[in-house]
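Asks: Take this structure, written in structure tokens, and hold onto it; I'll ask about it next.
The values are calculated or read from the model by the stated rules, or taken from the named source; none is laboratory data. All of these numbers come straight from a predicted model, not from anything done at the bench. All Cβ positions, even for glycine, are placed from backbone atoms using ideal geometry, and neighbour counts span all protein chains on display.
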């Protein structure tokens, strides 16, 4: 999921769900917390970009 061509919104959502469950259950150690939060931030940013691009496409269809 590192490039625009291979990014999957659905895969990102699933991974974010796992991260949230792990955070809520305390499975993530303090040592791994920064790395995990950075991963989540990256996934969220990519997901928002994908949603914005999709919204633009839909608006063009409506025009």
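Asks: Just checking, does the stretch 52-62 include any residue being surrounded by 12 or more Cβ atoms within 10 Å (Cβ to Cβ) and part of a helix (DSSP H, G or I)?
Replies: no
Asks: When you check residue 31 against the structure, is it exposed (fewer than 10 other Cβ atoms within 10 Å of the Cβ) and assigned to a helix (DSSP H, G or I), yes or no?
Replies: Values: exposed (fewer than 10 other Cβ atoms within 10 Å of the Cβ): yes; assigned to a helix (DSSP H, G or I): yes.
Against the criterion (exposed (fewer than 10 other Cβ atoms within 10 Å of the Cβ) and assigned to a helix (DSSP H, G or I)), residue 31 qualifies.
Asks: Let me ask another. Of the residues 23, 37, 16, which single one is more than 13 Å from the chain's Cα centre (by Cα), modelled with pLDDT of 95 or more, outside any loop (DSSP other than H, G, I, E, B) and on the phi < 0 side of the Ramachandran plot? Full working, then the answer.
Replies: On the way: 37 fails: more than 13 Å from the chain's Cα centre (by Cα); 16 fails: more than 13 Å from the chain's Cα centre (by Cα).
On inspection, the qualifying residue turns out to be 23.
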